[in-house]
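Here the structure is laid out as structure tokens; the discussion comes afterwards.
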Amino acid sequence: MIFFKYDRRIFQNFDWTLCGLVMAICAIGVVNIYSTGFSLSDNQSPLYLKQLQWILFGLLLMMITFLIDYRAINQAAYMVYGISVLSLIAVALFGHTANGAQRWISFGFVLFQPSELMKVSIIIALARYFDDHKSNEPYLLRELFVPFMLVLLPCVLILKQPDLGTALMIVIVAASIVLFIGMNWKSIVITVVSVLVMLPVAWLFLKDYQKDRLLTFLAPEIDPLGTGYHIIQSMIAIGSGGFLGKGFLKGSQTQLKFLPEQQTDFVFSVFAEEWGFVGGLVLLMMFLSLIIWGFKIALHSKDLLGTIIAFGITALIAWEVLINMGMVLGLLPVVGIPLPFLSYGGSAIVSLLAAIGLLMNVSVRRFILQR
Amino acid sequence: MEKQGNLRNGPEPAEFRQKLKIIIILTVLALFVLMIRLWYLQVIKGDELKQRSENNAVRFRKIQPLRGLIMDRNGTVMVDNCPSFDVLYMPTKGVDPELMIRKIKDIYKTKSIDYSSDLPFPKTVKPYLPVRLEKNVSIQKVALVETNAIDLPGVYVDVTPVRLYVDGEIIAPIIGYTGEVSKEELEKSEEDYLSGDITGKYGIEKVLDPHIRGRRGNELVEVNAFGKVIKNLGRIDPASGSTVVLTIDAQLQKAAWEAFEGKAGAAVAMDPRDGSILAMVSLPSFDPNLFNSGIVRTEWEKLQKNPLNPLSNRAISGQYPPGSTYKLIVAAAALEEGIITTETRISCSGSFSLGNRSFRCWKKHGHGSVNLHRALVESCDVYFYTVGKMLGVDKIARYARMFGLGEATGIELAHERKGLVPTREWKLARMKEPWHLGETISISIGQGFNLTTPLQLAQAYSALANGGTLWRPHLVQRIELSDGSIVKKYLPEKKGALKLSPKTLSALSYALWGVVNEPGGTGANARRPHADVCGKTGTSQVIGLPQTDKARRMQKITAFHKDHALFVGYAPMKNAEIAVAVIAENAGGGGAVAAPIARKIMNAYFDAKKKEKAVKVAAEIKSEDETED
């Protein structure tokens, strides 16, 4: 198989639009994280610098996933998936615990969150499977058994951490891919019905504290110290930004630390408070452009594999943007889903940038591959 | 350009095109909804939410944990917590904070109380971040502020726990004090500090701060526009710090303090059987309660400028020439090196000649012919000049180090000094000069370059008392949780052993017994009836205090040139239970001044023991009576 063959066309047709958009969003992210850490008088190394280091590392990885032909990467798809699952098992066995969740593997000075890597691994694993099992007809339920297991295994491990948001994201992205390449209507109906039937049964198997968690997730007002507080403060922060915003480093909600989780899940509130509706709109437009561009790459790919990879990655970004913003704006319940490229988090940004490398990979190779 | 090589066997691209079109439209719609929501929050409800952000009524507050107690070996609480009432002000937009302070002053004036705060009012006030106006106010002020709450919008009383140092200055140099975490500590420390936290600044409070501090709690409260809590929305309780149990005996500590009658100096009482410190005083001292809510600047300056340096713990960081207490070590060296036997007699005429120099004995007309026993009992200088000259400085140094001198003892306190055991090598390195024989003569009686801390002396004599084991002095017995479960236990630790023959050991301890109990002994003032006190007096000439310059400027110049009085001893002679080192600065002779102090400390120890025994016996008799009934 072609591992890496120098081809002038890779650089001639380099996807500057995609690369530029991602870099611009990352830059906004770093500036925004700088603002959240601005008034930290505590002894903490500045987060924005850490994030910058992660981005640089991510860009390196992005170059690699871009240069190696995605069909070569496809050969390793199950291996990457296997490594991701193994690291999730490692987390379950001897993971690092923080804020009541066991999500990380500690490598001394850095913490690695395998569930972030899993979000990307599941996409290439599914792409590999559907590329290997092409069909002209919509897939039937029994044909989807392997993909179902591919999704179920990591989801169980991630739910155990517990990390409902990430598990949910993997299910949503996988479902999007399956629906996109086509699933038999009857099969869809059967799946939906059986899930609805299973839910009350699953409830019986949950422990009390897990039920509590789910209840707070569904009704945040019963936990004012937690998610309810987040939502109130987030909406106040965003609203108080007004049309033009309070200005860089001037967001009082942010600077006075009313806003919790401001570097991670609620990072958009910080941005909206300081840059106002205008800033928020610009950011939304950038994300929209990125998403449409990604779907176009999926459409123009010369093979099914490229289409699925490009579609999956774009769907992941789109869902994360929609769910995160929906929750920050008080439209959706609070569930731990970060905003791509803006939320602080090393594993997330590195995985995302690697995924963007794949997207660019697909984008460029349509000029090289023959149909 | 499209060639139908048909790599793809699967759904038709046209089908994908159709699906993607729908997906893109849905995405645009979803993002449009988000945009509408953003517009709604920021533009339509913007002003209202801006108002709310300025009046943000829901806030997290950290709850400071209670620091752990500090107890003595018998469970007597030496450091407790008590409530302190602070007057706080929550600034409101458009209200001049100075005006509010003037109002408070006026209210105080009606009851003729002064507004006493030298806390600088911050130049820039952030709305809704409270400013501490006055700390640790009286109940009267609390009542005034509370009853006039309507006239003082934004002013309220906050209760915080502060340290209560029960024995105050008596034990301050050991226990230390607490204060608000400093900027440097916030930046440097790996500990999880937040500004406003209380942390140990000195002594045990500092050394064991990670254990004593406890864990912060949080609460979510709703406050009104004046910063007053109107609703509690939830809280995470703080966890109190662990209790520290010291080896100190609070009663003995008090007795040691009182024995000094205000003289400057230090005393260490140690259990020679395991190195645990029973009492450790340093005078003058300071009141650690002053630091509780931030020390007033004038008080701080007073402490800083005091030439007697009340903030230092003389027992571990005061370095003094050991004087004649050092003769024990020279005697041990001479016996072990075979320079003398216990019977070797040396004639003392009252002075000792070396070249054209003459060194005098403290007794003008001399002691006549004395053996080692009498030389120690009467503290004959000439005897030790002679022996010291034969030994040489380096041999003496070797034995001094064997007794633990010249290096930090390793007690659980910061700022411990090493003292100094001079050698030829040291002098050459330090002063770039060769050693003079005359200096050996001074060294032999504990003068010259020799420096020891009171703790080192107690450690050295303890080693002799227990038959030759050098224990590391320790102050902390254990750390436990409030439910009594043990977090950490501090076990006694052997540091070394005196490599002395049993004959030497018994000769030395018999001589030390003679110092106190034989006629003509210099330590007669430490004598206790029916108890074999052993010890050695010392009187060391003053070279100068660290604060000599300041001292000179003082009127009583001569007072700072008086001799230091020393006594180091233990009791009883066999199976010693307590070793005591006393130094009284610029107080005169060791036998006259230091020995009585040591006696009082030992008295307190043995009296308490007797009492304890009596109580025990009484209890036993009582329980026997009850069983008989």
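The values are calculated or read from the model by the stated rules, or taken from the named source; none is laboratory data. Bear in mind the structure is a predicted one, so any value in this text is a computation, not a measurement. Positions of Cβ are backbone-derived with ideal geometry, glycine not excepted, and every protein chain shown enters the neighbour counts.
Some values worked out for this structure:
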{"item": "Some residue of the stretch B:76-94 being within 30 Å of residue B:279 (Cα to Cα), assigned to a loop (DSSP other than H, G, I, E, B), more than 8 Å from chain A (Cβ to nearest Cβ) and at pLDDT 90 or above", "result": "yes"}
{"item": "Residue within the stretch A:319-338 that is among the aromatic types (Phe, Trp, Tyr), under 19 Å from the mean Cα position of the chain (by Cα) and within 14 Å of another protein chain (Cβ to nearest Cβ) present", "result": "yes"}
{"item": "Boolean, residue B:193 is touching a Lys or Arg at 6+ places or on another chain (Cβ under 7 Å), of a type in the set (Ser, Thr, Tyr), modelled with pLDDT under 85 and not in a helix (DSSP H, G or I)", "result": "no"}
{"item": "Number of positions in the stretch B:1-24 that are within 8 Å of another protein chain (Cβ to nearest Cβ) and at pLDDT below 60", "result": "9"}
{"item": "Hits in the stretch B:327-344 - residues which are assigned to a loop (DSSP other than H, G, I, E, B) and either in contact with a helix residue (DSSP H, G or I) (Cβ under 9 Å, 6 or more places away or on another chain) or modelled with pLDDT of 95 or more (or both)", "result": "B:337, B:339, B:340, B:341, B:342, B:343, B:344"}
{"item": "Selection status of residue B:302, among the basic types (Lys, Arg), assigned to a helix (DSSP H, G or I) and crowded, with 24+ Cβ neighbours inside 10 Å", "result": "no"}
{"item": "Whichever residue in the stretch A:271-293 is facing chain B (nearest Cβ under 10 Å), within 19 Å of residue A:16 (Cα to Cα) and in contact with a Ser or Thr (Cβ under 9 Å, 6 or more places away or on another chain) and, among such residues, is surrounded by the fewest Cβ atoms within 10 Å (Cβ to Cβ)", "result": "A:292"}
{"item": "Test: residue B:575 is more than 21 Å from residue B:255 (Cα to Cα), surrounded by fewer than 22 Cβ atoms within 10 Å (Cβ to Cβ) and at pLDDT 90 or above", "result": "yes"}
{"item": "Residue in the stretch A:329-347 that is assigned to a helix (DSSP H, G or I), crowded, with 24+ Cβ neighbours inside 10 Å and in contact (Cβ under 8 Å) with a residue 24 or more places away in the chain present", "result": "no"}
{"item": "Some residue of the stretch A:145-164 being modelled with pLDDT of 90 or more and touching an Asp or Glu at 6+ places or on another chain (Cβ under 8 Å)", "result": "no"}
{"item": "Selection from the stretch B:255-299 of residues that are crowded, with 17+ Cβ neighbours inside 10 Å and among the hydroxyl-bearing types (Ser, Thr, Tyr)", "result": "B:276, B:282, B:285, B:293"}
{"item": "Which numbered condition residue A:304 misses (of (1) surrounded by fewer than 24 Cβ atoms within 10 Å (Cβ to Cβ); (2) over 21 Å from residue B:15 (Cα atoms))", "result": "(2)"}
{"item": "Test: residue in the stretch A:353-366 that is within 14 Å of chain B (Cβ to nearest Cβ) and either surrounded by fewer than 24 Cβ atoms within 10 Å (Cβ to Cβ) or under 10 Å from the mean Cα position of the chain (by Cα) (or both)", "result": "yes"}
{"item": "Residue among A:306, A:345 that alone is small (Gly, Ala, Ser) and within 11 Å of chain B (Cβ to nearest Cβ)", "result": "A:306"}
{"item": "Total residues in the stretch B:28-58, condition at pLDDT 80 or above and either of a type in the set (Ser, Thr, Tyr) or assigned by TED's automatic domain parsing to the domain that holds residue B:235 (or both)", "result": "1"}
{"item": "Qualifying residue in the stretch B:212-221 (condition: in contact (Cβ under 8 Å) with a residue 24 or more places away in the chain, aliphatic (A, V, I, L, M), within 14 Å of chain A (Cβ to nearest Cβ) and surrounded by 17 or more Cβ atoms within 10 Å (Cβ to Cβ))", "result": "yes"}
{"item": "Breaking point among (1) at pLDDT 75 or above; (2) under 22 Å from residue B:300 (Cβ atoms); (3) among the charged types (D, E, K, R), for residue B:118", "result": "(1)"}
{"item": "Count of the stretch A:318-327 residues which are of a type outside the set (D, E, K, R), crowded, with 24+ Cβ neighbours inside 10 Å and either at pLDDT below 90 or under 30 Å from residue A:131 (Cα atoms) (or both)", "result": "3"}
{"item": "Of residues in the stretch A:117-156 being charged (D, E, K, R), exposed (fewer than 15 other Cβ atoms within 10 Å of the Cβ) and part of a helix (DSSP H, G or I), the one nearest to the other protein chains (Cβ to nearest Cβ)", "result": "A:132"}
{"item": "Every residue from the stretch B:305-326 that is out of contact with any strand residue (DSSP E or B) (no Cβ under 7 Å at 6 or more places or on another chain) and part of a helix (DSSP H, G or I)", "result": "B:305, B:316, B:317, B:326"}
